[in-house]
1. Can you give me the number of residues within the range 36-68 that are under 19 Å from Val98 (Cβ atoms) and β-branched (Val, Ile, Thr)?
2. Return only the number of the condition from (1) touching a Phe, Trp or Tyr at 6+ places or on another chain (Cβ under 7 Å); (2) without any contact (Cβ under 8 Å) to a residue 24 or more places away in the chain that Gln58 does not satisfy.
3. Just the residues that are more than 11 Å from the chain's Cα centre (by Cα) and among the small types (Gly, Ala, Ser), please, taken from the range 57-85.
4. Ile88 versus (1) of a type outside the set (Lys, Arg); (2) out of contact with any Ser or Thr (no Cβ under 8 Å at 6 or more places or on another chain); (3) buried (at least 19 other Cβ atoms within 10 Å of the Cβ); (4) under 15 Å from Phe46 (Cα atoms): which is the lone unmet condition?
5. Which of the following residues is of a type in the set (A, V, I, L, M), under 19 Å from Leu23 (Cβ atoms), at pLDDT below 80 and not in a loop (DSSP other than H, G, I, E, B): Val86, Val96?
6. Out of all the residues in the range 103-123, which are in contact with a Phe, Trp or Tyr (Cβ under 8 Å, 6 or more places away or on another chain) and part of a helix (DSSP H, G or I)?
7. Taking Leu9, is it modelled with pLDDT of 90 or more and of a type outside the set (Lys, Arg)?
8. Just the residues that are in a helix (DSSP H, G or I), touching a helix residue (DSSP H, G or I) at 6+ places or on another chain (Cβ under 9 Å) and within 14 Å of Ser45 (Cβ to Cβ), please, taken from the range 74-83.
Amino acid sequence: MACILLLALNKDFDVFNEAYSFLELFSGKGWVTKLMKVNGIASASFDISYGEPVPGKQDAMDLLSDAGFALVLLSILNCKFENFLVVIGLVCSSWVTVTALLILAITAMGGTWILEQPRSSLVIWHPRIRLLWRLLPKATVTKPTNKIQLHVSGHVDVL
């Protein structure tokens, strides 16, 4: 919570040209972000593969580092209040705690989130995710699906 307040109140961060409507975390090749940008939707994607590590410095694209976590939190705070979507392609259960904290921030900003998982994933049973469901009483867990249709400006792509 203190980290979010410090980021929100810090006037030294002037890194955004526009408020985001879409974020993609652990995005890999970032196909969904590319689709959004092609359709004029202010978007950003984050993945460790985008970073260029410098010895002795943290990689801002490593969402598990302090720098990466701060960048994503700042990006969430820069989203259009109550009018944005975040797709989280969680790769490994070791990132569940970070993901749960980010979901809380997204929810606090009134955003919508999708946690992308393979059918065989057990993340829904992870203690941090179970705690998240208890903290967000209005959140509902729906039947998992293996296909999502994304409608953007008349285009339909199947993910």
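The values are calculated or read from the model by the stated rules, or taken from the named source; none is laboratory data. In this text the structure is predicted, and so the values were computed from the model without any measurement. Counting neighbours? That spans all protein chains shown, and the Cβs are built from the backbone with ideal geometry, glycine included.
1. So the count comes out to 1.
2. With (1) touching a Phe, Trp or Tyr at 6+ places or on another chain (Cβ under 7 Å); (2) without any contact (Cβ under 8 Å) to a residue 24 or more places away in the chain applied to Gln58, the lone miss is (1).
3. Selection gives Ala60, Ser65, Ala67, Gly68, Ala70.
4. With (1) of a type outside the set (Lys, Arg); (2) out of contact with any Ser or Thr (no Cβ under 8 Å at 6 or more places or on another chain); (3) buried (at least 19 other Cβ atoms within 10 Å of the Cβ); (4) under 15 Å from Phe46 (Cα atoms) applied to Ile88, the lone miss is (2).
5. Criteria check complete, one pass: Val96.
6. Hits for the range 103-123 are Ile103, Ile106, Thr107.
7. The answer is no for Leu9.
8. Within the range 74-83, Ile76 is the sole residue that qualifies.
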